[in-house]
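The next block holds one structure in the form of structure tokens; read it before the comments.
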Amino acid sequence: MDGAVVTINAGSSSVKFALFRDGKRIESGAGGRLDDVAGFMSEVGRLLRAHGVERSLVGVGHRIVHGGSRFFEPVIASGEILAELRQLMPFDPEHLPAEIALVEACTRVFAGVPQVLCFDTAFHRDLPIVARMLAIPRKYFDAGVRRYGFHGLSYTYLMQELERVAGAKTTRGRVILAHLGNGASRASVREGRCVDTTMAFTPTAGLVMGTRSGDLDPGIAAYLARSEGMSAEQFAAMASSRSGMLGVSETSSDVRELLEREKSDPRAAEAIGLFCFQARKWIGALAAGLGGLDVLVFSGGIGENSAVIRGRICEGLEFLGIDLDAGRNERGEAVISREESMASVRVIRTDEESVIAEAVCRLIET
Ligand code: ADP
């Protein structure tokens, strides 16, 4: 594909971007805070000028965290599409308003250049009904309250890469993908299709994360409303931004920092302990859903970089066929399980941007 493509990856706290030329990544960067659209656009402008590609920009690709039950395939943004996306805002007030603002800003600044939207929820489109439904009155399911699942662009990349390095036979097996970053989730995949995932209606569900609680007893919201007069919005903000490892440690959401402090601060040790215990439990749950396990893939900032955490998560999972090789794990090799391990354990560096860039190229060529 000739020409330049910019990808924009707006997470919950920061925006990352990358520039691709002729299908290859030539630069990546982080553009600061999500609410500073003007600052971000000037960063992107600087990037294009620095590489002399302002005139050869052929498309901009956007990561959109929530596509609801409406969007699955990547799509070129139009007024109508954005109006539909705006209707999904109540589903994801944390991400969608800022993501839509970025699409609108790019539409203005790069007039005539297609803006391609790529949805994180799309990977989970085939969730079986037992994984998709939440056990509350059915009328809410009919109104869209269900498990959607997130981190889909990362999972798409991990499955592509797994096929490239281990072959199609492996990707048809029973696979658990672990995306462990500030946000953390798992997806279980069989025959190449996602059959379960830990995040649900919002990215707050599932595993313990940096600042998100993961799964909670729903009774807690009512208790805090009664005891402290906490509103639903305050509860959502607490569970999303002040909980997880930050909430437990009272100091940091950052695993590297907590690991440095765990010997001297019991709260840091408990935060890491909780993270690893819950992460291990979820492997068991997802493997039970799959009827066994052939491959476990670690990814995301924690999964890619921390041998200590990978080791602790896998401790005691020999009954599932997971037998880690300490040396390989320490060196962060592509395969970190022993030769004789029934399930293979891999580390794959994820790349959401390349999935977005590929989608842009595909769409503008058709
Ligand atoms: P995001 O979800 O925001 O994209 P990342 O995927 O970059 O975040 O993951 C960030 C997390 O990865 C942080 O908790 C950070 O401490 C952790 N991390 C990165 N490198 C290491 C490392 N070498 N050891 C332990 N944790 C690490």
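The values are calculated or read from the model by the stated rules, or taken from the named source; none is laboratory data. All of these numbers come straight from a predicted model, not from anything done at the bench. Positions of Cβ are backbone-derived with ideal geometry, glycine not excepted, and every protein chain shown enters the neighbour counts. SASA here: full protein model, heavy atoms, side chains in, ligands and nucleic acids out. Shrake-Rupley method; radii C 1.70, N 1.55, O 1.52, S 1.80 Å.
Some notes on this structure:
- Counting only Cβ charges, +1 for Lys and Arg and -1 for Asp and Glu, the dipole size of the range 235-366 around its Cα centre is about 340 debye.
- Sulfur and carbon atoms: percent of accessible area, the chain [1.4 Å]: 52 percent
- Percent antiparallel among DSSP beta bridges (both partners in the chain, rounded to 5): 60 percent
- In a simple Cβ point-charge model (Lys, Arg +1; Asp, Glu -1; nothing else charged), the chain has a dipole of about 400 debye relative to its Cα centre.
- Percent of Cα pairs exceeding the 18 Å cut-off, where the set is the range 1-152: 59 percent
- With coordinates expressed along the principal axes, the C-alpha atoms belonging to the range 41-127 extend over 43, 23, 21 Å, beginning with the largest.
- Highest mean packing comes first when the peptides 175-188, 264-277 are listed by Cβ atoms within 10 Å, giving 175-188, 264-277.
- Nearby lysines by direct alpha-carbon distance to Lys16 (threshold 22 angstrom, same-chain neighbours under 8 apart not counted): Lys24
- From phi via Karplus (6.51, -1.76, 1.60), per-residue ³J(HN,Hα) for the range 135-146 in Hz, x at Gly/Pro: 7, 10, x, 4, 4, 6, 4, 4, 8, x, 8, 7
- Between the listed residues Ala232, Ser188, Thr211, the Cα displaced farthest toward the positive end of the dipole of the range 83-237, a dipole computed from Cβ unit charges relative to the Cα centre, is found at Ser188.
- Considering all different alpha carbon pairs of the chain, the Kirkwood hydrodynamic radius works out to 21.4 Å.
- Highest mean first, the peptides 323-332, 98-107 sorted by other C-beta atoms within 10 Å per residue fall in the order 98-107, 323-332.
- A simple charge model with +1 on the Cβ of Lys and Arg, -1 on the Cβ of Asp and Glu and nothing else charged puts the dipole of the range 1-99 at about 320 debye relative to its Cα centre.
- Spatial offset of the range 40-63 relative to the range 124-142 amounts to 40 Å, using the alpha carbon center of each.
- With every protein chain in place and a 1.4 angstrom probe, the accessible-area ranking of Asp120, Asp36, Asp217, largest first, reads Asp217, Asp36, Asp120.
- Options Val44, Gly67, Gln87, ranked by Cα towards positive dipole end of the range 39-112, top entry (Cβ charges): Val44
- Mean separation of Cα contacts under 8 Å, 6 or more apart, over the residue count of the chain: relative contact order %: 15 percent
- Using the Stokes-Einstein relation with a Kirkwood hydrodynamic radius computed over Cα pairs, the translational diffusion coefficient of the range 73-124 at 20 °C and a viscosity of 1.002 mPa s comes to 185 µm²/s.
- Taken per residue, the accessible surface of the chain reaches 45 Å², heavy atoms only and a 1.4 Å probe.
- Per residue, the average separation of C-alpha pairs within less than 8 Å and at least 6 apart gives the range 145-241 a relative contact order of 21 percent.
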